Amino acid sequence: PGEILSPTQPCPVKPPPLVPHSLSSEDAWGITPVDRGSCRKKFEALRNDGIYTPPTLQGSLMYPGNAGGSNWGSVAVDPERQILIANVSVLPFAVTLLPGESFEQARRENPGVEIAPQKGTPYAMRREVVLSPLGVPCNPPPWGTLAAVDLRSGEIRWQVRLGTIRDITPIPLPIKLGTPNVGGPLVTGSGLVFIGAAMDDYLRAFDIESGEELWKARLPAGGQATPMSYRVRPGGKQYVVIAAGGHGRGGTRLGDFIIAFALRD
């Protein structure tokens, strides 16, 4: 009470948004008609004024959600080609304010759900991905992409789906719908983009000029980390290494691995 929202926010002219900024109940998506109907009802129950909808006691749609667009893995830049590479997630979140006095009870009754105090306010907060009964996001895929932005022109050069649903569904289907992703990309001087990040257990390499997937290798656990590259000595063989530890909240395969690959000359 008493807070006043700004009617506008600064909007960059370039580059264009890498993720959509609007979502309605008519956009609800699901594997089955029952799935879609459930998602539609969930969207209709949430306040949805667009990208800057404030959190409410009713529950508000946050889209893009707090997991992205771009996340903590950040971006990679090729200074010679003047290309920026960004991986982004596209997920709807529901944010609901709770009376502050109900915080402890709500947390006890909802294990595994993000419920947090909002110190200095009379509220607590509940925040969760809007999922269908089958556990897939309620917005249309792709749920994750990899994009290249031309830093000279400000235009998007290419944008491709990142990841398959192989490791997040009961049946291992290698369908490239694009998945949420946690971790960032690496760019080499030869024009390769290496990235894990997606919710399947792969490290991939893409062509920085075209976005074509050139290579992938299976990891023993989720690659939710940013890879790095190194040489042992000047002029020596170049390696790419990634921590394959998985992601507890993301539900990927957990492990304790450091995996290195050698680049061919």
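Could you grab me the full set of residues in the stretch 96-118 that are assigned to a helix (DSSP H, G or I) and either within 22 Å of Y63 (Cβ to Cβ) or open to solvent by less than 90 Å² (accessible area, probe 1.4 Å) (or both)?
Of the residues in the stretch 96-118, the ones assigned to a helix (DSSP H, G or I) are 100-109.
Residues satisfying the conditions are G100, S102, F103, A106.
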* Asked: List, please: which pairs have Cβ atoms under 8 Å, are six or more places apart or on different chains, and start with a residue in the stretch 178-200 that is closer than 11 Å to G163 by Cα and open to solvent by less than 10 Å² (accessible area, probe 1.4 Å) and end with one that is of a type in the set (K, R) and modelled with pLDDT under 95?
  -> D200/R166
* Does I115 count as over 23 Å from G50 (Cβ atoms), hydrophobic (A, V, I, L, M, F, W, C) and in contact with a helix residue (DSSP H, G or I) (Cβ under 7 Å, 6 or more places away or on another chain)? -> yes
* Unique match (being out of contact with any strand residue (DSSP E or B) (no Cβ under 6 Å at 6 or more places or on another chain) and part of a loop (DSSP other than H, G, I, E, B)) among G69, G73 -> G73
* Structure fact -> Within the stretch 39-57, residues within 23 Å of the chain's Cα centre (by Cα) and either surrounded by 13 or more Cβ atoms within 10 Å (Cβ to Cβ) or within 16 Å of E128 (Cβ to Cβ) (or both) come out as C39, R40, K42, F43, L46, R47, N48, I51, T53, P55
* Pick from the stretch 119-141, criterion touching a Gly at 6+ places or on another chain (Cβ under 6 Å) and open to solvent by less than 40 Å² (accessible area, probe 1.4 Å), ranking: farthest from P15 (Cα to Cα) -> A124
* Structure fact -> Within the stretch 230-254, residues over 19 Å from W72 (Cα atoms) and open to solvent by 30 Å² or more (accessible area, probe 1.4 Å) come out as Y230, R231, V232, R233, P234, G235, K237, Q238, Y239, R253, L254
* Close pairs (6 angstrom Cβ cut-off, 6 or more residues apart or separate chains): free of Cβ contacts under 8 Å to residues at least 24 places away in the same chain in the stretch 80-108, crowded, with 16+ Cβ neighbours inside 10 Å anywhere -> F103/A124; A106/L98; A106/I115; R107/I115
* Structure fact -> Taking the stretch 58-75 and keeping only residues that are modelled with pLDDT of 95 or more and open to solvent by 30 Å² or more (accessible area, probe 1.4 Å), one is left with Q58, M62, V75
* Check the stretch 102-115 and report whether any residue there is within 30 Å of V75 (Cα to Cα), in contact with a Phe, Trp or Tyr (Cβ under 9 Å, 6 or more places away or on another chain) and at pLDDT 95 or above. => yes
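L18: in a loop (DSSP other than H, G, I, E, B), modelled with pLDDT of 90 or more, under 14 Å from P137 (Cα atoms) and open to solvent by less than 50 Å² (accessible area, probe 1.4 Å), yes or no?
Details: in a loop (DSSP other than H, G, I, E, B): yes; modelled with pLDDT of 90 or more: yes; under 14 Å from P137 (Cα atoms): no; open to solvent by less than 50 Å² (accessible area, probe 1.4 Å): yes.
Spelling it out, it is not the case that L18 is in a loop (DSSP other than H, G, I, E, B), modelled with pLDDT of 90 or more, under 14 Å from P137 (Cα atoms) and open to solvent by less than 50 Å² (accessible area, probe 1.4 Å).
The values are calculated or read from the model by the stated rules, or taken from the named source; none is laboratory data. The structure presented is a predicted model; accordingly, all values stated were derived computationally and were not measured. Glycine also receives a Cβ, built like all others from the backbone with ideal geometry; neighbour counts cover every protein chain displayed. We work out accessible area using only protein heavy atoms, side chains counted, and drop any ligands, DNA or RNA first. Shrake-Rupley method; radii C 1.70, N 1.55, O 1.52, S 1.80 Å.
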